[in-house]
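The values are calculated or read from the model by the stated rules, or taken from the named source; none is laboratory data. The model shown is predicted, which means the values in this text are computed figures rather than measured ones. Cβ coordinates were reconstructed from backbone atoms using ideal geometry, including for glycine residues, and neighbour counts include every protein chain displayed.
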Amino acid sequence: MTGELLVFIILFLVTITGGLLMLNLTKVIHMVMALVLTFLGIAGLYIMLSAEFVAVVQILIYSGAITIIMLFGIMLTKHTEAEPKTGWAKKGVVFTGIVLFFLIMFKGIRTISLGPQAETLHENNTEQIGIMLFTDYVIPFELVSVVLLVALVGAVVLAKKDEEDEKEGEQS
Amino acid sequence: MSSVPLSAFLVTALLLFCMGLYGALTKRNAVIVLISIELMLNAVNLNLVAFAKYGVGASIRGQVFSLFTITVAAAEAAVGLAILIALYRNRATVNVDEMNTLKK
């Protein structure tokens, strides 16, 4: 067993453990915290795939920003102490369907091999991504900034208190 | 050279996707449903990065695409949370099976 395989197995176990904990814990905050484990494991897998920049972005955006925004969502809404249970029948049907999906996909990708791997991705990884973003993908890059702006404004408008509705509510 | 085969990464991503799908379909708390969707998007990102190294015509493009996906996922999480809070203010619930006004 090589060291690389060992690192992969550790990261695999971290990632899957986080996901399983998310499904099985009862308190909502604990579920989100378990997801942080998964996000960190995925960042490790990115480094193994010689994608250092994407790994750092993953830690910043997912382990940082999205987890905190989800925690805000939990704290700003009122929760019963534990997650209410779903019926066993529905759970069984969903579980069976997902296991079938998993088996079919697993049969397809078990022995896949697509020729030689890229050898130069780790050399100046960030520089390569930057060059690609500002040459081939400059239009999608600018469009993504518009998407972020619209999402920012949209989130503020949606979450803002609706004052007209409130006045009507007081009168009636 | 890497000694871990492509299928190992793909199976990891498949497991993550299945767990995210199960969570999104069975959990009743809307925050957990949102974060399960994030988990599924993460599985897709892992596939993109894996194919950027091992795929046919492997190049840096897969990583650039995964960056775009991460951006859109962050925007989706922000808007989803805003909708959730607006809904909570009007209905005082976060359970997805009580959000059934259109059904009535």
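Here are a few things to note about the model shown:
- The set of residues in the stretch B:33-56 being at pLDDT below 90 and either closer than 23 Å to A:G97 by Cα or not in a helix (DSSP H, G or I) (or both) consists of B:G55, B:V56.
- Set A:T38, A:T67: member being polar (S, T, N, Q), farther than 23 Å from B:A82 by Cα and at pLDDT 90 or above: A:T38
- Considering the stretch A:7-55, and only residues there that are under 14 Å from the mean Cα position of the chain (by Cα) and of a type in the set (V, I, T), the residue that is farthest from the other protein chains (Cβ to nearest Cβ) turns out to be A:V36.
- Index of the failed condition, A:I98 passing every other in (1) surrounded by fewer than 16 Cβ atoms within 10 Å (Cβ to Cβ); (2) out of contact with any Asp or Glu (no Cβ under 8 Å at 6 or more places or on another chain): (1)
- Exactly one residue out of B:A30, B:A52 is buried (at least 20 other Cβ atoms within 10 Å of the Cβ), small (G, A, S) and touching a residue at least 24 places away in the same chain (Cβ under 8 Å): that is B:A30.
- Boolean, A:I112 is modelled with pLDDT under 90 and out of contact with any Cys (no Cβ under 6 Å at 6 or more places or on another chain): yes
- Looking across the stretch A:41-61, just one residue is at pLDDT 90 or above and among the hydroxyl-bearing types (S, T, Y), and that is A:Y46.
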